[in-house]
Amino acid sequence: MSDQVLEGLQRLAPELAGEGAGIEGLQRLSGGASMETWAFVLVGRDAREELILRRRTAPMAPEEGRSVSLATEAALITAAHEVGAPVAPLVHLARPEDGLGEAHITRRVAGETLGRKIVTDPRFEAVRPRLARQCGEILAQIHAAPPPPGLKTVDALEELGRYEEVYRKSGAERPILELAFQHLKKIAPPPAPPVLLHGDFRNGNLMIDPEQGVAAVLDWELSHIGDPAEDLGWICVNSWRFGRADLPVGGFGRYQDLLDGYAQAGGREIPLSRVLYWQALGSLKWGVMCLMMYASYANGAESSVERPMIGRRVSETEIDLVTLLENGL
Amino acid sequence: MIEHPKAEELVEAVARWIDSVRPQLGPRDAFLARVASNALSVVRRELQQGPAAEAAAVARLSAILGREGTLGDLNADLCARLRAGEMDAATPGLLAALRANITELIAIDQPSYAPEPG
């Protein structure tokens, strides 16, 4: 596997950085069941560039979710870049003749992605109060970008329907999740004009620089078209606050800063109640995802101890959902 | 009650051993060892707090539903009534009972979790 990647990149290097260019320091950063991430340095005659390769190692299983292809991901990164949102810019989308499979190469942006560090490490203390506003501004930019072809459009009721079906199939009987499904269906806001969404915009998928703040928005694979409040609500889900429950936006900021940044960068006006609705829907989704990770252990598909333990995180979403319901969601 | 050692003591001993070998492990295994140690902490808390929490949850749900049964029966019955629209967030006492149940469950699952402020 590593040989195939190294060979492919060596062959591609002269095209990217001129004659005689090569690859150094190829290193696998992470690998899920179907996707690999590699870091390497592209060494040209007079420049070195740190790059990231993402490549799919197993065919996409459309029934497993709504992940987009890497070609669509590349188009999303480019679209976001063109409207000025911070991204790790696209360097190359792999073609069949590159021998890398389904893959793309982007620049490597320096910074921190670990949510817990971002909310607690003193290195980020100065930039933390600015992050929520920045997130609002960046979301307004993304939401104004023209969506690349091939993305699905999903509203609140469709999203609830999809997750309710997954929940039903799991066979779990959890009254708080049941109550949340029924309640959120009952009070679903009227659909808003749909926009391009990042789809997984949260602390953990943002590259944070201690001085500049948000240096890049990563992980575009869940991008789709829908209600702008979905992206704003997702970054407020308590499960991504990493212990700083008092700071609703990613564990680093306040709702008003997120909304102000959004409006100031030209975003449509969104009432806080709509953000809270999507935040609750987000907690519910994460609860169902935790149940699914447990299910993947229970049915024998995965054997790691991590999977069943994530199942014990369902209760965190339930306690948050009860609070949101008590607060009169 | 089976003693010498109690189940809690066995769990504690295994957790301590995992923690003692963790520093010698590679990054992936060190991470999984931490998860394993956390899993044993959940088991220990469940052994200690689970029976009382379950009995209390059964009592609360029985009061709301006006019937008796195991926790599984009562949860299933409540889910069915919520789904049918016979009960909802406005049902008197329901949110309070669910809050009490989930508070005791999270004390077992993740006592350090900082919940959404009220």
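Every read-out reported here was derived from the displayed coordinates using simple, explicitly stated rules and does not represent laboratory data. Quick caveat, the model's predicted, so the values are computed rather than measured. All Cβ positions, even for glycine, are placed from backbone atoms using ideal geometry, and neighbour counts span all protein chains on display.
Could you work out which residue, out of B:60, B:34, B:83, moves most in a Gaussian network model of chain B, that is, has the largest mean-square fluctuation with Cα springs under 10 Å?
B:83
Alpha carbon centre of segment B:5-33 versus segment A:215-274: separation in Å?
Comparing the Cα centres of segment B:5-33 and segment A:215-274, I get a distance of 38 Å.
Let me confirm the definition first: pairs of Lys residues in chain A, 8 or more apart or on different chains, C-alpha distance under 18 Å. How many are there?
So the count works out to 4.
Would you pull out the residues with amide H under 5 Å of residue A:26's amide H, same chain only if 5 or more places away, H placed 1.01 Å from N?
Here the answer is A:41, since their amide H atoms fall under 5 Å of that of residue A:26.
Quickly work out the residue A:245-to-residue B:34 label distance, labels modelled 7 Å from Cα along the C-beta direction, and quote it in nm with one decimal.
2.2 nm
Count the DSSP beta bridges whose two residues both fall in chain A, then state the antiparallel fraction as a percent rounded to the nearest 5.
Around 95 percent antiparallel, to the nearest 5.
Might you report the magnitude of the Cβ-based charge dipole of the protein assembly as shown about its Cα centre, with Lys and Arg at +1 and Asp and Glu at -1, to the nearest 20 debye?
In total the dipole reaches around 360 debye.
Take the Cα radius of gyration of chain B and divide it by 2.2 N^0.38 Å, with N its residue count; two decimals is plenty.
Ratio of Rg to 2.2 N^0.38 Å for chain B: 1.39.
Give the Rg/Rh ratio for segment A:2-107, taking Rg as the radius of gyration of the Cα atoms and Rh as the Kirkwood radius, to two decimals. Present the calculation step by step, with values, prior to reporting the outcome.
On the way: Rg = 14.0 Å, Rh = 14.4 Å.
Ratio value, two decimals: 0.97.
Enter the angle in degrees (range 0 to 90, nearest 10) between the Cα long axis of helix A:272-298 and the first principal axis of the Cα atoms of chain A, meaning the one along which they spread out most.
70 degrees
Just tell me the longest site-free run in chain A, where the sites are GluC sites (Glu not before Pro) in a DSSP loop having at most 14 other beta-carbon atoms within 10 Å.
Numbers: sites that count: A:19, A:125, A:211, A:269.
Result for the longest clean stretch: A:20-124.
What residue among A:136, A:172, A:124 has its Cα farthest toward the positive end of the dipole of segment A:124-178, where the charges are +1 on Lys, Arg and -1 on Asp, Glu, each on the Cβ?
A:124
Please compute the Kirkwood hydrodynamic radius over segment A:115-326, one decimal place, Å, based on all pairs of different Cα atoms.
Kirkwood hydrodynamic radius for segment A:115-326: 17.7 Å.
Which trypsin sites (Lys or Arg not before Pro) in segment A:213-262 sit in a loop by DSSP (not H, G, I, E or B) and have at most 16 other Cβ atoms within 10 Å of their own Cβ?
A:254
Residue by residue, what Karplus-based ³J(HN,Hα) values in Hz, rounded to whole numbers, does segment B:59-73 have, using 6.51, -1.76 and 1.60 with θ = phi - 60° and x for Gly and Pro?
Calculated HN-Hα couplings, in order: 5, 5, 5, 4, 5, 5, 8, x, 7, 10, x, 6, 4, x, 4 Hz.
What whole-number distance in Å separates the alpha-carbon centres of segment B:45-116 and segment A:44-122?
Each part reduced to its Cα centre gives a spacing of 43 Å.
Which whole-number percent of Cα pairs in the protein assembly as shown have a distance greater than 33 Å?
Value for the protein assembly as shown: 42 percent of Cα pairs lie more than 33 Å apart.
Averaged over its residues, how many other protein chain Cβ atoms are within 10 Å of peptide B:95-106's Cβ atoms?
5
Would you mind computing, in nm to one decimal, how far apart the modelled labels at residue A:153 and residue A:81 are, each placed 7 Å from Cα along Cα→Cβ?
2.8 nm
Report, in degrees rounded to the nearest 10, the 0 to 90 angle that the Cα long axis of helix A:156-170 makes with the longest principal axis of chain A.
Orientation of helix A:156-170: about 90 degrees from the principal axis.
Would you mind counting up the charge near residue A:257? Only other residues with Cβ under 15 Å from its Cβ, with Lys and Arg at +1 and Asp and Glu at -1. List each step's numbers first, then the result.
Details: positive: A:128, A:130, A:133, A:241, A:244, A:254; negative: A:137, A:246, A:260.
Around residue A:257, the surrounding residues sum to +3.
Which is farthest toward the positive dipole end of the protein assembly as shown among B:31, A:100, A:156, measuring Cα position about the Cα centre, with Cβ charges +1 (Lys, Arg) and -1 (Asp, Glu)?
The residue sitting farthest along the positive end of the dipole is B:31.
Over segment A:93-241, one equal point on each Cα, no solvent: what is log10 I(q)/I(0) by the Debye formula at q = 0.09, 0.10, 0.14 Å⁻¹?
Log10 I(q)/I(0), no solvent term: -0.38, -0.47, -0.87.
Between residue B:114 and residue A:302, what is the label-to-label distance in nm when each label sits 7 Å out along the Cα-to-Cβ direction?
2.6 nm
Once phi is turned into θ = phi - 60°, what whole-Hz ³J(HN,Hα) does the Karplus curve with 6.51, -1.76 and 1.60 give for every residue of segment A:121-131, x standing for Gly and Pro?
Per-residue couplings from phi come out as 5, x, 4, 9, 4, 6, 8, 3, x, 8, 5 Hz.
Can you check what the net charge comes to around residue A:42, using other residues whose Cβ is under 11 Å from the Cβ of residue A:42 (Lys, Arg +1; Asp, Glu -1)?
After counting each charged neighbour, the total is -1.
DSSP loop (so not H, G, I, E, B), at most 11 other Cβ within 10 Å: list which GluC sites (Glu not before Pro) in segment B:1-85 pass both filters. Walk me through the numbers on the way to the answer.
On the way: sites: B:3, B:8, B:9, B:12, B:46, B:54, B:68; in loops: B:3, B:68.
When the GluC sites (Glu not before Pro) of segment B:1-85 are filtered for loop state and at most 11 Cβ neighbours within 10 Å, B:3, B:68 remain.
Would you mind getting me the FRET efficiency between residue B:59 and residue A:209? Use the beta-carbon distance for r and R0 = 45 Å, nearest 0.05.
FRET efficiency, residue B:59 to residue A:209: 0.25.
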